[in-house]
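Below you'll find the structure, written out as structure tokens, and then a few comments.
Values in this text are rule-based calculations from the coordinates and carry no lab data. Note that the coordinates shown come from a computational prediction; the quantities given were computed from them, not determined experimentally. Using ideal geometry, Cβ is built from the backbone for each residue, glycine included, and neighbour counts are taken over all protein chains shown.
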Amino acid sequence: QVQLVESGGGLVQPGGSLRLSCAASGRSFSLYSMGWFRQAPGKEREFVTAISPSGANTRYEDSVKGRFTISRDNAKNTVYLQMNSLKPEDTAVYYCAADRNLVVSSRSASYDDWGQGTQVTVSS
């Protein structure tokens, strides 16, 4: 089990950028695939992006391709989500999650451990 703590959320204008961080506890971080999910008010949690343990493989939800970038630093036990060209529809609570499998999954049920979430609000 890993404990995950997200940070970096906030209020940003449309077209702006934010970088989210997710710090993980434990010595096995480099063995986990990591994902970012989001949940907007009144909507179900949805997949955003994920990265393999080595960082070699990534996967993105179509609406964020070309705008969001996931990366990780295994030496720092941290995964990042760089979000550019933000839109009002990106407004949500963003969660990071850890998956003990090597496959980069978009299914929330694949993930074993979750952070508490960080609010991202895109508004003028």
Computed label-point distance, nm, for sites ALA56 and VAL5 using a 7 Å Cα→Cβ extension: 3.2 nm
Point-to-point label distance, LYS76-LEU102, nm (Cα→Cβ direction, 7 Å offset): 2.7 nm
Under 19 Å from the Cα of LYS43 - aspartates and glutamates, other chains or at least 8 residues apart: GLU61, ASP62, GLU89, ASP90
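Per the Kirkwood definition applied to all pairs of different Cα atoms, how many angstroms is the hydrodynamic radius of the stretch 52-123?
13.5 Å
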Value of Rg to Rh for the chain (Rh from inverse mean 1/r over Cα pairs, i.e. Kirkwood): 0.94
Calculated diffusion of the stretch 1-69, Stokes-Einstein form, Kirkwood radius summed over Cα pairs, 37 °C and 0.692 mPa s, µm²/s: 238 µm²/s
